[in-house]
Every structure is written in structure tokens, then in C-alpha cells.
Amino acid sequence: MNLMEKAFAFVKDFFASDYSGHDYFHTLRVFHTATRIAIKEKADLQIVQLAALLHDVDDRKLSPQTCAEKTNARRFLTENQIPPATIERICQIIGEISFADSVIPDSLEGKCVQDADRLDAIGAIGIARAFAYGGSHNRLLHHPDIKPKLHMTKEEYRNSNSTTINHFYEKLFLLADRMNTPTAKEIAQSRDRYMRAYVAEFLAQWDGID
């Protein structure tokens, strides 16, 4: 197998038992979207593709014990003889993706991967993933008396156990305006409109007024 084939096999095995929305198919979508953005924005394609494939293998929610050092990503890259400088570039990109950290990536490649990950959190797929994640963490769909918490600190966001509908207001509705690249900004507009229309319809049906 070549390098990319090995990377696909690695992440497929890694996420085989994930049902929270951070599964292998999420990784594939981020890979394809990041590739699309990188080509249009003229970024380093191999760096973008490897970072996209590995972006969740050390995610704080999925592998908190490896998050700080990016142990899983480093091990894969080292075993496949990736130069140390390239490993550092990829690990930096992975470390800059998180919404909670509110980091704007330093590199064009990092911006492409962050944008691709955020695009997968909005639109039709984003809606499905939000409810899948909420269900896997015992979150209520909605509760009218539990209001969204806006402008949370990083720690408040990470420790929050709000409802899934509140998650749209606390994160997902913010993402379209936080895209980095012109390509992602364009893609995000229709996904954001779809998502907002869905939540409006959800709330109308919840109240029985649709």
C-alpha cells in the first residue's frame, strides 16, 4: 500500500466503533472537502490530506490521553517515515482545528482543514451529527426552559452538557462566519441557511404551530 492507502486503513480501523458522528465517514468527508478547498486555494495537497485524515485520532473528546502530544498521529507518521518537520506541520494543524480553542490556523493548509471540519458540522450532515452526538452523550433534544449559553469560555464550552438544539446556537450557527478561505465561505452559506430553516421548523413543530 502507498502512504495514503495506509492512512485510510489506519483511520478506518481507528474509528470502527465510533457512533458519535466522529466516525470514519466523517473523516472521509473532511478529507474530500479539504482536498477540494486545497486545490482551489492552492495549498500543499499532501499536508492537507494527511492532516485531514488524522485530524480526529487525537481529539480530546475521543482520545483525551493522547490529545496533548498527538500520540496517535505522530506514531502513524513516524512509522511511515514522514520527515520530522512535516510531522510537526501536520500536528500543528491538528492542534489548531478545535472550535473550543478559537484558533485561526497559522498556515493556509491549516485553514483548509479547519474549514473542512467545520463544514461537516453544518448543513444536513451537521444536523444529523449533532443529534447523533447528543444521543451518545445522553443530551436532551430540547428543553424550552434551558436557554443557550452564549460567549462561553473554552472550559465552560468543554464542560457544557446543554441540549442539542442549544448546540446550534452555541456553536453551529457561528461557523459560517468563521470560515477562513473564500472557497469554504461560499460552501457554508447554503448549509447555514438549510440548518437555520431546519431549527426554525423543529421549534415550530415542538410548539405545535406548524
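Points to keep in mind about this one:
- Helix-only arithmetic for the chain: the sum of -39500 (n - 2.57) across DSSP H runs with n ≥ 4, divided by the residue total, places the mean residue ellipticity at 222 nm at -18500 deg cm²/dmol.
- Prolate/oblate/rounded label for the chain (Cα gyration tensor, a/c 1.5): prolate
- Checking every one of the trypsin sites (Lys or Arg not before Pro) in segment 103-150 against DSSP loop status and a limit of 14 other Cβ atoms within 10 Å picks out LYS149.
- Restricting the GluC sites (Glu not before Pro) of segment 1-108 to loop positions (DSSP other than H, G, I, E, B) with no more than 13 neighbouring Cβ atoms within 10 Å leaves GLU69.
- Nearest-0.05 FRET efficiency for ASN161 and MET4, computed from C-beta distance (R0 41 Å): 0.60
- About the Cα centre, charge dipole magnitude for the chain (Lys/Arg +1, Asp/Glu -1 at Cβ), debye: 140
- Residues ARG36 and LEU62, FRET efficiency given R0 of 25 Å [Cβ-Cβ distance, rounded to 0.05]: 0.50
- Solvent-accessible area of SER107 with every protein chain in place, 1.4 Å probe, in Å² to the nearest 10: 40
- Solvent exposure of segment 8-98 as accessible area per residue, Å², 1.4 Å probe: 49
- Helix 108-119 and the longest principal axis of the C-alpha atoms of the chain enclose an angle of approximately 30°.
- Helix 123-136 axis, angle to the chain major axis (alpha carbon atoms, nearest 10°): 80
- If a spin label sat at a point 7 angstrom from the Cα of LEU174 along the line to its beta carbon, the backbone N atoms of segment 91-125 nearer than 19 Å would be those of 95-106, 111, 114-123.
- Between helix 3-14 and the chain: long-axis angle, C-alpha atoms, 0 to 90°, nearest 10: 40
- Signed unit charges on C-beta, dipole axis of segment 62-210, positive-most listed residue SER107, THR153, THR86: THR86
- Listed residues ILE82, ILE37 arranged by accessible area, highest first, probe 1.4 Å: ILE82, ILE37
- For a straight C-alpha distance cut-off of 14 angstrom, the aspartates and glutamates reachable from LYS6 (same-chain residues fewer than eight places away being disregarded) are GLU79.
- Within segment 1-104, trypsin sites (Lys or Arg not before Pro) in DSSP loop having at most 15 other beta-carbon neighbours inside 10 Å: LYS42, ARG60, LYS61
- Estimated from the Cβ-Cβ distance and a Förster radius of 41 angstrom, the FRET efficiency linking ASP44 and ALA200 is about 0.55.
- Of the solvent-accessible surface of the chain, computed with a 1.4 Å probe and all protein chains present, 53% belongs to carbon and sulfur.
The values are calculated or read from the model by the stated rules, or taken from the named source; none is laboratory data. Predicted, not measured: the structure shown is a model, and the values here were computed from it. Glycine gets a Cβ as well: all are built from the backbone with ideal geometry, and neighbour counts include every protein chain shown. Keep in mind that these areas ignore ligands, DNA and RNA; they rest on the heavy atoms of the full protein, side chains included. Shrake-Rupley method; radii C 1.70, N 1.55, O 1.52, S 1.80 Å.
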